[in-house]
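Have a look at the structure below, then the notes.
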Amino acid sequence: MAYLMFEPIPICLAMPDLPLLLVSLPAGFPSPAQDDMEEPINLADWLVEHPAASYIMRVDGYSMTGAGITDGDLIIVSRAKKPISGHIVVAMVHGDRTLKRLKRRDGRFWLVPEADGFPDIIVDEYVEIWGVVVGLARKYG
Amino acid sequence: MSAPVALIDCNNYYVSCERAFDASLVGVPVIILSNNDGCAIARSGEAKALGVKMGDPVHLIRDKIRQHGIRVLSSNYALYGDMQRRVVAAIEPFARDFEIYSIDETFVDFAGFEHLDLAAHSRAMCAQVRQWTTIPTCVGIASTKTLAKLANAAAKKNPTFDGVADLRDEDLCRWVLDQFDVDDVWGVGRATAAKLAGLDICTAGQLRDMALKQARAIGGVVLERLVAELRGVPACAIETVEPQRKGMAVTRSFGTPVTDMDMLMGAVAQYAMRAGEKLRQHGLVAGRLTVFFHTNRHKQDQPQYSATRTLSMQPMTNDGLMLLAYARRGIESAWREGYGITKAGVMLEDLIDADRRPRTLFEDDSGRRDRLMVAMDQVNMRFGTFAAVPASQGFKREWAARSDSKSPNYTTRIAEVPAVKAR
């Protein structure tokens, strides 16, 4: 198909037909709650607070399982948030995009995995912090 | 003195978008090919240095590509469109208003910001764009759009400007105008440049000093307006010059927010028709249409929504009705109820001469189509509405364009988002 509609960032995770207020209507009376009907919850809006500076990425591997992030998860990566020690970040290490926790130790910054068997990486001139992980999305199928 | 206007332009935009997600493209020569992988439409600085020219057909530079290991990518307009949305969002807080001119160029209105150091303000704007998108930009500031365009070129060309040139300083403006040839001025074509050369008018500075009457005699109202703008007098010159091959945009702000899809459609229909007219005027066809609309981002207390849809057009067209049909599809897919839309626009990209347009198999007789268009135009002009457009207007023959080495739709398709190693 040549005419694909491209959705910008928001992943539509909303349940479009599930209204927040379910009122049973007594026959003959207008619902007093009619005016209080709200939009359905939009999970994408909630997850992605800063759509212009946020990017969705897929996790490949198990080095952050200790932080509750596992293979196949979708993460929301923000470039509007300033990385500080303790944040989970996406970093470019020698051109490879990698997921680690940023930690300050003895005056140096480190990229630290949260699973056994993965090495810490020191933040030097070959490392660039690309963005801060601000959200996580997972489906159980 | 009129209000300052600035042009912010993304450096090697398509390449910069690709590099945001593919680090292996950083620091190496990269070219991006047009629709159908025909010729180079974007080049990294390294590729420019190797002598790859804009529009070079790829089959003629195969040797160069092999020899220097130039990375060759098909264009990925979905990515470029989505990144542009982000660039514009980063620009917005820095300006009173903005006007998207093409996919990588946005005019910003600095009225009301004069009390600031606009160069520092612009650098902060560039830093914000770079932070949110990774994309490098340059800014030209001046009192007219034509001068802002030249200022931007100066900022790109001359590293001493550090990415921002402010030509409101008269001495600097004079100096810069003397550095540029007449055909570097936006809208001065080769034919006009040759005529001017006959009069010993070779630099932008000499063009500025030309008598307005003489300019009109040589290059019509376009050249007259350009000269006025070079003198710092806003004259809407940009609106009359030929669209750049990279693309053109028709955008407007609405006086009162639009909350109804049909009303938005009505406005966008006009832009599509206007864009079609402009293409036909210059004998061009377009391969891509982007339609966008959004709420007022300066009113954060109100619900915010912003949408962009990019559609590929096959066959390439300058038919207003076709453009409108595409724009309509885009809006239908993007529309959400409950928002007050204050700005909308249509952008056309991938422009080529109408007579060099690739033909598709079993194409309709476009002569009939052209006559229909004229008739429709007249009907619409008389009744002032585009409601008469048949919804059934079919696009039965759709073939995907060739794009053998297109990058993934990193930001617009969940199945193609970048992977992060957790290994």
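The values are calculated or read from the model by the stated rules, or taken from the named source; none is laboratory data. Small disclaimer: the values here were computed from a predicted structure and weren't measured. Heads up, the Cβs are rebuilt from the backbone with ideal geometry, glycines too, and the neighbour counts pull from every protein chain shown. Accessible surface is based on the protein model in full, side chains and every heavy atom, while ligands, DNA and RNA are left aside. Shrake-Rupley method; radii C 1.70, N 1.55, O 1.52, S 1.80 Å.
Tabulated data
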{"quantity": "One residue from A:Ala115, A:Ala53, A:Ala80 being within 25 Å of B:Glu92 (Cβ to Cβ), among the aliphatic types (A, V, I, L, M) and surrounded by fewer than 18 Cβ atoms within 10 Å (Cβ to Cβ)", "calculated": "A:Ala80"}
{"quantity": "Matching residues in segment A:72-89 - criterion: being within 12 Å of chain B (Cβ to nearest Cβ) and among the aliphatic types (A, V, I, L, M)", "calculated": "A:Leu74, A:Ile75, A:Ile76, A:Val77, A:Ala80, A:Ile88, A:Val89"}
{"quantity": "Residue count for segment B:333-345, restricted to those that are within 10 Å of chain A (Cβ to nearest Cβ), open to solvent by 10 Å² or more (accessible area, probe 1.4 Å) and in contact with a strand residue (DSSP E or B) (Cβ under 9 Å, 6 or more places away or on another chain)", "calculated": "2"}
{"quantity": "Hey, A:Met92 within 30 Å of B:Ile91 (Cβ to Cβ) and facing another protein chain (nearest Cβ under 10 Å) or not", "calculated": "yes"}
{"quantity": "In segment A:56-68, residue most open to solvent (accessible area, probe 1.4 Å) [restricted to those that are more than 10 Å from the chain's Cα centre (by Cα) and at the interface with another protein chain (Cβ under 7 Å from one of its Cβ atoms)]", "calculated": "A:Tyr62"}
{"quantity": "Lone unmet requirement of (1) over 18 Å from the mean Cα position of the chain (by Cα); (2) open to solvent by 10 Å² or more (accessible area, probe 1.4 Å) for B:Ala47", "calculated": "(2)"}
{"quantity": "Selection within segment B:114-154 - within 23 Å of B:Cys236 (Cα to Cα) and open to solvent by 30 Å² or more (accessible area, probe 1.4 Å)", "calculated": "B:Glu114, B:Lys145, B:Lys149, B:Ala153"}
{"quantity": "Candidates A:Ser85, A:Ser78, filtered to the one that is of a type in the set (Ser, Thr, Tyr), touching a helix residue (DSSP H, G or I) at 6+ places or on another chain (Cβ under 9 Å) and farther than 20 Å from B:Ser24 by Cα", "calculated": "A:Ser78"}
{"quantity": "Qualifying residue in segment B:18-31 (condition: touching a Cys at 6+ places or on another chain (Cβ under 7 Å) and outside any loop (DSSP other than H, G, I, E, B))", "calculated": "no"}
{"quantity": "Residue count, segment B:214-232 (criterion: in contact with an Asp or Glu (Cβ under 8 Å, 6 or more places away or on another chain) and of a type outside the set (A, V, I, L, M))", "calculated": "1"}
{"quantity": "Hits in segment B:133-147 (condition: modelled with pLDDT under 95 and within 16 Å of the chain's Cα centre (by Cα))", "calculated": "B:Lys145, B:Thr146"}
{"quantity": "Every residue from segment B:155-184 that is in contact with a Cys (Cβ under 7 Å, 6 or more places away or on another chain) and open to solvent by 40 Å² or more (accessible area, probe 1.4 Å)", "calculated": "B:Lys156, B:Asp181"}
{"quantity": "Residue match in segment B:21-36 (condition: in contact with a helix residue (DSSP H, G or I) (Cβ under 6 Å, 6 or more places away or on another chain), over 26 Å from B:Phe107 (Cα atoms) and not aliphatic (A, V, I, L, M))", "calculated": "yes"}
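Conditions tested, residue by residue: (1) basic (Lys, Arg); (2) within 30 Å of B:Thr342 (Cα to Cα).
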{"site": "B:Arg130", "(1), (2)": "yes, yes"}
{"site": "B:Pro136", "(1), (2)": "no, yes"}
{"site": "B:Gly163", "(1), (2)": "no, no"}
{"site": "B:Val188", "(1), (2)": "no, no"}
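For (1) at pLDDT below 90; (2) of a type in the set (Ser, Thr, Tyr), each residue gets a yes or a no:
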site: B:Pro57; (1), (2): yes, no
site: B:Asn76; (1), (2): no, no
site: B:Gln84; (1), (2): no, no
site: B:Val87; (1), (2): no, no
site: B:Phe98; (1), (2): yes, no
site: B:Thr106; (1), (2): no, yes
